[in-house]
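Working notes, beginning with the structure itself.
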Amino acid sequence: MNINFYRMMISFLLGMLLTNSLPASQTYWLSDIPPTKELAKKMRPSHGGLVQRGKRGMYIKRLWLREGEDPLESGYIKQNSASLVFVNPDKKISKMTFRNKDYADVAFKMPDEGFYNLFMTNREIENGVLYVSVAKNESLNHSCRAGHGDVKSKINPFYYDEAPIDIIRERRSRETFHSRITSGDVVSFTILRQGKPLPGALVKMVTQKGWAKTLKSDSEGRVAFEMIRDYYPQWHEFKRRKMEGYLAIAEYKSKDAGTYAGEKFSAVHYKVTSSGNYFPSARDYKSYLYGLLIGLFALTISGFTVYFYRRRRLKIYKEKRFG
Amino acid sequence: MNYFAGVDIGSTAIKIVLIDDTKNIISSKVTPTGSQFRKNAVDALHAMLADCNLAFDELAYVISTGYGRKLLKEADESVSEITANAIGAMEAGREHGVINTIINIGGQDTKAIQIDESGTVTNFAMNEKCAAGTGKFLDVTARNLEIELEELGDYHLNLKTAPLPINSTCVVFAESEIIGLLADGHGKEEIVAGIHYSIAKRTIRLAKRVGLEGLVYFDGGPALNKGLVASMEDELGKKIVIPDFPQITTALGASVLAYEAYLDEMESA
Amino acid sequence: MNRLLMVTSSGWKKEIKVSNDPKTDEKKTAFNLTHQAIEAESMLRRIKDDFPDNPESMNYFYDLYQQVYCEGRSVYDKEKIVGTMCVQVPEELIYAAGGVPVRLCSGFYTDDQHGAEFMPAKSCSLVKATLGMLSNKSTLPFINKVKTVVSPTTCDQKRKAGAIIEEMGYDVYNMELPPLKESEEARLYWQRSIHKFSVSLKEITGNKITKDSLKKAIGKTAAAQKAYRKLHNLRKETPPVLLGKDVFMITNAYFFDKIENWTAAVNKLNEELEQRKEEKFSAAQRRAPRILFTGSPAIFPNLKLPVLIEESGGVIVADENCSSNRMLYDMITVDEWNMSNMVDGIADNYLKPCTCPIFTNNDDRKRKLINMSQEFAVDGVVYQTFSGCQVYSMEQSSITKVLRDEGIPVLLVESDYSPDDMGQLSTRVEAFIESLKAKKRRK
Amino acid sequence: MVNRIRTFINSCDLRRFRFWLQLLLFILLVYGGYAAINLGQNLPTFSCGYNQDGKGGVCYLLPLQHQLARGPASLFSWAGIAVLTGFLYFVIWFFVFNKAWCGYACPLGTIQDWITALRKKMGIPYASYTWEQFRHLKKIKYALLVLMIFIPMGIGSGIFSHDMATPFCMICPGRTIIPLFTGDFSQLTIDFSSKTKMIMTTLGMLVTGLFFTGSFIKKRFFCFFCPMSALHYMLSKPAFLKLKKDGSKCTKCGDCYSVCDMQIKEIADDVDNINILQDDCIMCLKCISACPEEGCLKVNFLGQHVFESTVDGYIKRMEKGNKSE
């Protein structure tokens, strides 16, 4: 754990050098993993990832802007003035900005159940190309005490038409607030541009351990990845709640030209990122074979004991014998 | 004025009682039963009526009781001697207080009856088949000692020493036992007293089965025998009520029942 | 063929033809000339004629007794008869094994005298009569057909009688009955002896008990018991629809009659009684005291006491003895109709509800008597014990105490088969009936 | 008119009635979820919570163990009220049918009755405990109840790891068997993720294996060890549905004891108490259907007649049984 910490510090320093203008070609994404240990202590796990407990049990979500393509070691951006669009489960859209205290971070309360979406859009022109980079984050808020009543209405993702480019993780058929993405699951994304499916986008999936795969989105802008199984500890050290991060980056170059803030550009380079977590698959630690074996074992053993007991009882009658 | 008759055809004697509708006894008669139950009973009844110059049809209601009750066709109804005895004892013992237990030693059987205040029989016991300790036993004893039945009481009373323990009260062996005792030189008084005590012990044991609390009433022929009464009281440990005419209590009860049955008939008619 | 005039104690005459045809080898007189026949005939006559309005469907039973007990014509001819000594022998198993159970308890005074040679003076007349019947040459015809006698070793005298019967040449099968019935061990013990009995029935009757034969057997006795249960409930009516002596005749007929005919006859009688119930017809006088008869079983022709009670004005509305109620009341309950559950169901049915005094504690019998006296609105209980019957006389005090606490008067009668205590008995019974009437009038 | 209905009910064929009612309630509790039926999560019967979307309501033991595992801070604070209200709902549900929940509504009980019916068809006789075994095994359900309450509290106060969550559910055959009816086989697994999980799921599978053999030879095998029945019994006194016996009418024929699935002896032997409900009783009312005495055994709901033993009913049932199988 501490090795990563040093590497994180280096990239952090590197980040410090660059002023708040962002090199356009970099990948920016929002992550709920805190940069420092002190912050990490304040965090608590919940169904929707790390949260902070506010007054009377209110969950507060904090997101940090990070730069880089590695879900674990990407550096934290110091300041950023980009505007943020915040959408709560009731689909009310509001604006937000980074607090830029010592990191570019944002925090919001999550009173209701459901998904909270946050979009950071940043536009830069660099040597004639307009880089539109969007960092998206979808945080879930759920507590079992609220019961599991109408899951159906709150589970569906939010389609934000104004986003220049958007990446949406599709919900699986019987998904509930308790469902988790596990190794071996098929995770599919839809890439939208101004609300319309964007075919031909290059979507790259990067996991914490460095596995990466790039696919092209099909005609409806859909792309599907099968999550990799990359957790092989000794069986007795196995942690079924081991959380590993992934980063989905979609890029698309379009030829249309135009001017932005006075400068002309000849091509637009869209980039949208979305981070998430995945866990070891139940099949890694649950075995049907052993289950059925033990069940059958108990069945046959007790069956035979009863059969022989009954046969023996016919022959002699077990009297109470003394001595 | 209506007259009611109660005819008690016992094994040894026929007892008839005549009462009027104020329930006091007009006349009573005791004759030996003899062999023809029915004829003797009817003759005795007619003889008694003749004495009080009444005709048979003036009798409003006649009830027969005792062993031969079913044979007396002239009776309007027949009632068991236990029920009759109970009513009779309650009637005769009225001035002595409320009777609880009746002991009746008849010719062939000994009965103990427990009644409640209204004269209903609540429990009773009889000696089994054997006639030991009954009137018959006293007759045989008197005959063997060549003394009169009535003298038994006096012999018992002028006894000075302790009575002789007689173990068997069996009528059949009574004769041989008494002759044996006489041969051993025992006085008649000793023997009579011993016999009285063994009868008393046997009767009280029977009576215990129905309970002996409250007032005990003793009737039947042997109740005339003073000696027997004394031994019974000694054995029981308290006074026993003896009616003036103990022999006719059952017949009296039958006549009272005749009177009540006559009243029932009048009401329902 | 010369004629002989016979006169019995109760003044009844009968003309007798003395057959001396050479065919009968050792000069065996035809059954209908024996003393048993005379005794049976006089009692049957007394039961039929001394009571005015017997139900019409009782004639089936009167004719049955006439046929079997007076003329000696057996109901069975080819069937395999298995004699049983007591109600504890499971009839269903015998029927299932193809045999026919016949109860050997006899009520004949003549047999009682014959039996006296085997038994001590003061012993149960019923057992003496049974021994006499089995040893007597000119006995009831179907008794000669009995080869096997099943004795469930209930009361001491019946158990020892089993050994004497064995010496007479019958083969006797003794079943082991536990002296206590409450505990689980007793239940299993009895179930084991029933299992042994159902297996050894194969040697007795020659065919094995199968599931179907057992089911049919249980169905047969269940139908009979259903008919009896209906009769039992009809007797609760006031005014009473039937005299007790008739019920004894019916249930005693169950000893030797074919079960199908018996059930049909009882069902026919039930209809007639149902009809009487509507008409509010009373089989007894107006204020006849309702008597519960319990104690040693009253078996034809020794219905001396019941007939005496009803002649002196009482009516026996309920009985609790093993010649009638206890034999037919409890029905077999089966949860799963396979062999093991049916046989165990039979075992439980004969042991658990039984109120026979041979079991050590008799609180079941007390509760049953109290419950019956309430249900039948009983005025008095007559408790008969045969002199020498030790189990019933031992229970006299406890039963009388319990009934007296409930306010029910009890008449304890100790008698036997001989008619010589008729005089004394009639006095006591009449007195008891009169005391009940007086009590009833005052109430 | 009331009497005619009453005699009709009293002489009904209880076996057939019970089969259909059990089937109906089984469908309600195991497939109710598909018809959006949700009877809440405090049901006094084994409508298993692990049967994800099919369940018509949740067996109270699951939320009870969750709530007790919350840790002493919140358990004994105001938040603890939720545990009490949950328990209150359970008690109200329970008061309505008393232990008839086990005899009629419990899906696991119904499965065992079906297995018994199979054994009956095959003509194999049932087994029964001896009196000693009965007396000793009787205590197990109370031990399980105590464990079920104290282990979650232990989890809450940190003595046990979270992997021990809902301990009884882990070893309950309901968790593994009832979801099978909605095609969810996931519970038949051994969870190797931690030693505790491994042991608990192994125990679960062992009990499932034992359950099948046990309920094949012994009627209502599992109900004898079930902590829910122990919990029920503590609340059964004031419940509305009462099993009553009139001792004066009882001839101690022992029929009720011989047909009782749970082998309860007190029902036949006890002639003094009126209220004779025992802790093992599942109120299947077979004893009432087997009682030959008029009005001896009866069950009534707040004093109103529900079912009563009658002679005619008894005879009819015995005749029907004799002819059928």
Förster radius 45 Å - calculated FRET efficiency between D:Lys323 and A:Ala40, Cβ distance, rounded to 0.05:
0.05
Burial ranking of peptide ranges D:5-12, C:295-302 (average Cβ count within 10 Å, highest at the top):
C:295-302, D:5-12
Pop out the ³J(HN,Hα) list for region D:222-239 in order, Karplus 6.51 cos²θ - 1.76 cosθ + 1.60 with θ = phi - 60°, rounded to Hz; leave Gly and Pro as x.
6, 4, 6, 10, 7, x, 4, 5, 5, 4, 4, 4, 5, 9, 6, 4, x, 5
So how strong a dipole does region A:2-285 carry about its Cα centre when Lys and Arg Cβ are +1 and Asp and Glu Cβ are -1, to the nearest 20 debye?
960
Charge-dipole axis of region D:16-232 as Lys and Arg at +1 and Asp and Glu at -1 on Cβ define it, positive-most pick from D:Thr201, D:Gly49, D:Gly174:
D:Gly174
Where does helix A:288-315 land angle-wise versus the long Cα axis of chain A, in degrees 0 to 90, nearest 10?
10
What whole-number distance in Å separates the alpha-carbon centres of region C:201-267 and region A:265-318?
60
Return the calculated 222 nm mean residue ellipticity for chain C, to the nearest 500 deg cm²/dmol, obtained by summing -39500 (n - 2.57) across DSSP H runs with n ≥ 4 and dividing by the residue count.
-15000 deg cm²/dmol
Mean residue ellipticity (222 nm) of chain A, computed from DSSP H runs ≥ 4 via -39,500 (n - 2.57), nearest 500:
-5500 deg cm²/dmol
Under a Cβ-Cβ cut-off of 10 Å, what is the net charge of the residues other than B:Val98 that fall near it, where Lys and Arg count +1 and Asp and Glu count -1?
-1
Would you list the membrane-span-like helices of chain B, meaning whole DSSP H runs whose alpha-carbon atoms span at least 18 Å along their axis and whose mean Kyte-Doolittle value is at least -1.0?
B:37-51, B:171-183, B:188-208, B:249-268
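Please report the net charge: other residues with Cβ closer than 11 Å to the Cβ of C:Leu269, K and R +1, D and E -1.
-2
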Nothing charged except the Cβ atoms of Lys and Arg (+1) and of Asp and Glu (-1): what's the magnitude of the dipole of region C:48-442 about its Cα centre? Round to the nearest 20 debye.
460
Would you mind ranking D:Trp131, D:Trp101, D:Trp78 by Cβ crowding within 10 Å, fewest neighbours first?
D:Trp78, D:Trp131, D:Trp101
Quick check for you: which residues of region C:50-90 have the amide N under 17 Å from the point 7 Å beyond the Cα of C:Gln285 toward its beta carbon?
C:50-53
With the crude spin-label approximation of a point 7 Å out along Cα→Cβ, what separation in nm comes out for A:Ser94 versus A:Cys144?
3.1
Sites D:Tyr89 and C:Asn267 - FRET efficiency at Förster radius 51 Å, r taken between beta-carbons, to 0.05
0.35
Please work out the C-alpha center-to-center distance from region D:159-184 to region A:174-243 and express it in whole Å.
30
Local electrostatic count at C:Ile47 - Lys and Arg +1, Asp and Glu -1, tallied over other residues with Cβ under 12 Å:
-1
For peptide D:208-220, compute the average count of partner chain beta-carbon atoms within 10 Å of each residue's beta-carbon.
5
Using a Förster distance of 22 Å, how high is the FRET efficiency between C:Arg442 and B:Glu265, based on the Cβ-Cβ distance and rounded to 0.05?
0.75
Have a look at A:Gly48, A:Gly262, A:Gly276 and tell me which one the Gaussian network model of chain A (Cα, springs below 10 Å) gives the largest fluctuation.
A:Gly262
Estimated distance in nm for a label pair at C:Asp420 and B:Ala55, the labels positioned 7 Å out from Cα along Cα-to-Cβ:
4.9
Let me make sure I get this right: for region A:2-285, a, b and c are the square roots of the gyration tensor eigenvalues over alpha carbons, sorted descending. Under 1.5 in a/c it's rounded, otherwise prolate if a/b > b/c, else oblate. Which is it?
rounded
Compute the distance in nm between two label points, each set 7 Å from the Cα along the Cα-to-Cβ direction, one at D:Arg15 and one at A:Leu202.
7.7
Counted neighbours (other Cβ, 10 Å), sorted fewest up, put C:Thr251, C:Thr110 in the order C:Thr110, C:Thr251
Need the C-alpha centroid separation for region D:187-216 versus region C:318-360, integer Å.
46
Taking Cα atoms, the helix D:81-97 axis meets the longest principal axis of chain D at an angle in degrees (rounded to 10) of 20
Per-residue Cβ neighbour rank within 10 angstrom, fewest leading, B:Met48, C:Met394
C:Met394, B:Met48
Using a 10 Å cut-off on Cβ to Cβ distances, tally the other chain neighbours for every residue of D:122-135 and report the average as a whole number.
3
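Over 23 Å between Cα atoms: which of A:Lys196/A:Lys216; C:Lys48/C:Lys137; A:Lys216/A:Lys253 fall into that group?
C:Lys48/C:Lys137
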Take B:Lys239, project a point 7 Å from its Cα along the Cβ direction, then tell me which residues of region B:97-116 have their backbone nitrogen under 19 Å from it.
B:97-103
Rounded if a/c is under 1.5, else prolate if a/b beats b/c, else oblate: with a ≥ b ≥ c from the C-alpha gyration tensor eigenvalues square-rooted, which is chain B?
prolate
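First check a/c for region D:1-67, with a ≥ b ≥ c the square roots of the eigenvalues of its C-alpha gyration tensor; if it is under 1.5, answer rounded, and if not, answer prolate when a/b is larger than b/c or oblate otherwise.
Prolate, since a/c reaches 1.5 and a/b exceeds b/c.
We did not get these values from a lab; they are worked out from the coordinates using the rules stated. Everything numeric in this text was worked out from a predicted model, so none of it was measured. Please note: Cβ atoms are built from the backbone with ideal geometry, for glycine as well, and neighbour counts cover all protein chains shown.
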